[in-house]
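The values are calculated or read from the model by the stated rules, or taken from the named source; none is laboratory data. None of the values given here were measured: they were computed from a predicted structure. Note that we place each Cβ from the backbone using ideal geometry, even for glycine, and neighbour counts take in every protein chain shown.
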């Protein structure tokens, strides 16, 4: 019996929710709507079509309120808040302008008492796009990100400048360093509808992220989120005598996976059973020093063989049967196995290999054991 504390998957540091495409929660959704177990809110009608056609999760994030009436810029409108944006219905306009992106950048600056118009005007800079309307430059990686995204309106491939403006709006500030809600300092630039942030720790092609303005503005929801009945609550693997609770978990403030001490963790930005995508579970393989009498949930998972049964039970009482198809040793930085795969499957992640010992305790292992199970036919 091991009496060490295992820190599972610390090398998965850069897993982020944005890597996951939004998974519709079929157990909650009516035919004309899509619901998301990550937040418990649904999107439907023109808002859903706009969200899906213009970048989805990467651009807007998950819904954090239902569709609700609010007064914006002196007009009562139906709006829905997302992690990064507020989408508004403008019925006075024909498609494709019926749904528009709210001016959260300007709104958030105003709420903080920051008058962007009082800032000193900038002069045009070489290799930048200068906007005479606000006398601001957009340069470098921020300009590349601005040009690489937009709201589709002309039916042509790529993004026109008008489509870029529809998503971001005009720049309101120059590039500047700011300390954000996570306590870290980033190079940022504010736009009418967004805030761009440069994250140097990410890969060069993905260093510019859109700020979570919707979340930061903390809108009041007109209704609470629905309780998802599709969340997995228990996993049973009879061949190894496993019958363990599943706990919904995400990432901590440092983007490190949260691993329950004695239960199996379900990565709550992955799919739920029956949603047709990758269901990601993880758990410890060694017992904790302070509780040696409690077995590690994945302590015997390496014993599984192809054909062994795995059963997941959801909150609604439904059982979903899978069979193990393969086990793979991978390096800790090979995170592709926990991303969307385009089909229903269960991916169970545990540690294996040479132990990394620090202060007399095992803090990690050299490899990850990826156990894959697919629906029983």
Do the conditions hold for residue 162, that is, is it closer than 21 Å to residue 52 by Cα and surrounded by 14 or more Cβ atoms within 10 Å (Cβ to Cβ)?
no
Expected single match for in contact with a strand residue (DSSP E or B) (Cβ under 9 Å, 6 or more places away or on another chain) and closer than 30 Å to residue 188 by Cβ among 281, 229, 251, 304 is 251
Mind checking which residues of the range 165-182 are surrounded by fewer than 14 Cβ atoms within 10 Å (Cβ to Cβ) and either free of Cβ contacts under 8 Å to residues at least 12 places away in the same chain or in contact with a helix residue (DSSP H, G or I) (Cβ under 9 Å, 6 or more places away or on another chain) (or both)?
177, 179, 181
Please go through the range 320-335 and give me each residue that is touching a strand residue (DSSP E or B) at 6+ places or on another chain (Cβ under 8 Å) and either closer than 17 Å to residue 370 by Cβ or modelled with pLDDT under 95 (or both), ordered by number.
322, 323, 324, 325, 326, 327, 328, 329, 330, 331, 332, 334
Subset of the range 295-316, residues over 21 Å from residue 272 (Cβ atoms) and assigned to a loop (DSSP other than H, G, I, E, B), comes to 295, 296, 299, 300, 304, 305, 306, 307, 308
Just a yes or no: is a residue in the range 157-168 within 19 Å of the chain's Cα centre (by Cα) and assigned to a loop (DSSP other than H, G, I, E, B)?
no
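Residue 78 - would you say it is closer than 23 Å to residue 271 by Cβ and either at pLDDT 85 or above or surrounded by 18 or more Cβ atoms within 10 Å (Cβ to Cβ) (or both)?
No.
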If you go through the range 119-150, how many residues are in a loop (DSSP other than H, G, I, E, B), in contact (Cβ under 8 Å) with a residue 40 or more places away in the chain and touching a strand residue (DSSP E or B) at 6+ places or on another chain (Cβ under 7 Å)?
1
For residue 261, work out the one condition from (1) under 21 Å from residue 82 (Cα atoms); (2) touching a residue at least 24 places away in the same chain (Cβ under 8 Å); (3) surrounded by fewer than 23 Cβ atoms within 10 Å (Cβ to Cβ) it doesn't fulfil.
(1)
Regarding the range 45-53, can at least one residue be identified that is touching a helix residue (DSSP H, G or I) at 6+ places or on another chain (Cβ under 8 Å), in a loop (DSSP other than H, G, I, E, B) and modelled with pLDDT of 85 or more?
no
Within the range 194-214, can you find the residues that are touching a residue at least 40 places away in the same chain (Cβ under 8 Å), touching a strand residue (DSSP E or B) at 6+ places or on another chain (Cβ under 8 Å) and part of a loop (DSSP other than H, G, I, E, B)?
194, 202, 207, 211
